[in-house]
1. Can you divide the C-alpha Rg of the protein assembly as shown by 2.2 N^0.38 Å and report the result to two decimal places?
2. Points 7 angstrom from Cα along the Cβ direction at residue A:10 and residue B:70: gap in nanometres?
3. When Cβ neighbours within 10 Å are restricted to other protein chains, what is their mean count per residue of peptide B:33-46?
4. How big is Rg to Rh over chain A, alpha-carbon atoms, Rh as the Kirkwood inverse-mean-distance radius?
5. With only alpha-carbon atoms in the gyration tensor, what are the semi-axes of the equivalent ellipsoid for chain B, in Å, largest first?
6. Tell me, what is the percent relative contact order of the range A:1-109, built from C-alpha pairs under 8 Å that lie six or more residues apart?
7. Contour minus end-to-end for residue A:96 and residue A:52, with contour as 0.36 nm per residue of separation and end-to-end as the Cα-Cα distance?
8. May I ask you to derive the FRET efficiency for residue A:67 and residue B:14 from their Cβ-Cβ distance with R0 = 45 Å, giving the value to the nearest 0.05?
Amino acid sequence: EAQVTQNPRYLITVTGKKLTVTCSQNMNHEYMSWYRQDPGLGLRQIYYSMNVEVTDKGDVPEGYKVSRKEKRNFPLILESPSPNQTSLYFCASSLRMGQASNQPQHFGDGTRLSIL
Amino acid sequence: GENVEQHPSTLSVQEGDSAVIKCTYSDSASNYFPWYKQELGKGPQLIIDIRSNVGEKKDQRIAVTLNKTAKHFSLHITETQPEDSAVYFCAASMGGFQKLVFGTGTRLLVSP
């Protein structure tokens, strides 16, 4: 089954304790992206990757890191989490993005992070 | 800046009525406009999309219209059913087409 898988689905942790949210897709997609969803603000892009070893900042990258060493994986790293990073996070992938070739993005089911 | 405005934020209709959700975008170069439906506890799922070379697209009870001149696009759901109740997001491609910028969402409630 074609899917985007995020882990963990839920996490409660404390300020300053490094954490990683994993994202994996099995559709051989070139493009991957991380979003956070907050009430009244919709989905805001954190980082995206056009392909392996190519990453770029989205609209709200502060406090986050990503890497794209393999095509299928795109982990989101919070080196020193703070309470304002409490949110619902979504990973998405697309066959490709860019100019006339934009393809639909497929989303995982989300990771709810609570930073105390 | 790059933004997408979405209205209304909540919409309540009776089963069988039509529902319309409207979005405006800021970047005249945007060329791809998807709509997503998000059910409780799930990630957004694509329901329909339209590209800038098309003015309207239909898929059964769902249709999307695009007015490039006014930078508006809208989602139309006819003969609404309770299972249409969800949060709907519009989006537009921006940033040299390398990303999607999302609206703030519309919570649709369809009452039996």
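1. Rounded to two decimals, the normalised Rg is 1.01.
2. The two pseudo-label positions are separated by 4.5 nm.
3. 4
4. Using only Cα positions, Rg/Rh for chain A is 0.95.
5. Semi-axes from the Cα gyration tensor: 24, 14, 12 Å.
6. 33 percent
7. Answer, rounded to one decimal: 14.6 nm.
8. Once the sixth-power term is evaluated, E becomes 0.35.
Values quoted throughout were computed directly from the atomic coordinates according to the rules given, and no laboratory measurement underlies them. From a predicted model like this one, the values you see are computed outputs, not experimental measurements. Methodologically, a virtual Cβ is constructed for each residue, glycine included, from the backbone with ideal geometry; neighbour enumeration extends over all protein chains shown.
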